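Here's the structure we're looking at; comments come further down.
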Amino acid sequence: MESVWRYRGREIRGSEIAFITALIAADPHASRRQLSRKLCEAWQWKQANGAVCDMLCRGLLLRLERAGAIQLPAVRFRPRNPLLDRRAPEPVVPDNTPVAGALHQIGEIVIQPVRRTAQEPLFNALMEQYHYLGYEQPVGEHLKYLVGVNGQAIALLAFSSAPRHLGARDRFLGWDAAARKRNLHRVAYNSRFLILPWVRVPHLASHLLSRVARRISADWERLYAHPLEVLETFVDRERFHGTCYRAANWIRVGQTTGRGKDDRRHQQNRSIKDIYLLPLDRRFREHLQQVR
């Protein structure tokens, strides 16, 4: 019986193995990275923005080699993996002049996407220094917003790819497994939200959530070539009440199980969190339930 590998929704059969083997033999001096990019181009394995799925493809090639199905060229260079060898952002000395007063009194609030800009290291450092969870390098699609007044940083928001399985969210959206697999990239997870400690401005948090919600889909589409339909976040019930999210019209749809994505024992091993969602389009369910 023919062996079939399944990787990220793709079936790899004998004909695909033969193609990969021929690709390797055709250019014996190619590096592993060059081979993965060639395979992505041949299979049209690309993201919505047209970029090849290079890292996913390399993961597939490694899995096939470990299974004895192919033989890759020798490793030439091992770059530092920032996810395994995490280095904390360099600390900064921020402008911590107190900012206080009513929203209309503090000056113009500027919300700036800073991913891949000169301001990104500042964002990372402030998140590491002042958020109780510290900075964590996002995986997959993500955006970072730095909020300032008169050139001074006052808040940070980070959004990234949504968790794959989330029962309360999935029931609220009404999608099945096939629709979730096809459309999960249209849901973004608000992984971090920080008002810096020298800022005391009533209603600032809900104001920022509302303003970011009005622009994030367009910002996301410019970067990743697809819009967003829904935002989601977790609120740690032991620390917060979710007041600013409710004030910004986010909807509490349920709770996490407290078990995490790698749970094998079906026992709680972390705090239970409230799940909040914010639809960005009136037809969000219709769009997210589509399977073709």
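Since every read-out is calculated from the coordinates, none of them should be taken as a lab result. All of these numbers come straight from a predicted model, not from anything done at the bench. Using ideal geometry, Cβ is built from the backbone for each residue, glycine included, and neighbour counts are taken over all protein chains shown.
Remarks
- Kirkwood Rh in Å, taken over all unlike Cα pairs in the chain: 21.7 Å
- Within the range 1-43, the GluC sites (Glu not before Pro) that combine a DSSP coil assignment with at most 14 other C-beta atoms in a 10 angstrom radius are 2.
- Separation of alpha-carbon centers, the range 175-196 and the range 131-145, rounded to whole Å: 14 Å
- Over all distinct Cα-Cα pairs of the range 184-243, the Kirkwood formula returns a hydrodynamic radius of 13.2 Å.
- Extended-chain gain in nm, criterion 0.36 nm per residue less alpha-carbon gap, residue 66 and residue 221: 52.1 nm
- Of 177, 218, 67, the one that fluctuates the most in a GNM where the chain has Cα springs shorter than 10 Å: 67
- Dimensions in Å of the range 161-292 - Rg and Dmax from alpha carbons: 15.5, 49
- Mean separation of Cα contacts under 8 Å (6+ apart) over length of the chain, as relative contact order %: 15 percent
- Coordinate range of the alpha-carbon atoms in the range 215-256 per principal axis, descending: 37, 21, 17 Å.
- Within the listed set 164, 211, 270, the Gaussian network model of the chain (springs between alpha-carbon atoms below 10 Å) gives the highest mean-square fluctuation for 270.
- In plain terms, the residue of 284, 159 with the fewest other Cβ atoms within 10 Å comes first and the most crowded comes last, giving 284, 159.
- Taking the longest Cα principal axis of the chain as reference, the axis of helix 120-130 is set at about 60 degrees.
- Highest mobility in the GNM of the chain, judged by mean-square fluctuation with C-alpha springs under 10 Å and restricted to 64, 194, 173, is found for 64.
- Summing charges over all other residues whose Cβ lies under 14 Å from the Cβ of residue 291, with Lys and Arg as +1 and Asp and Glu as -1, gives +4.
- Along principal axes, Cα extents of the range 5-66, largest first, whole Å: 30, 24, 18
- With Cα atoms, 0 to 90° folded angle of helix 14-26 axis to the chain main axis: 90 degrees
- Neighbour-count order for 181, 38, fewest beta carbons within 10 angstrom listed first: 181, 38
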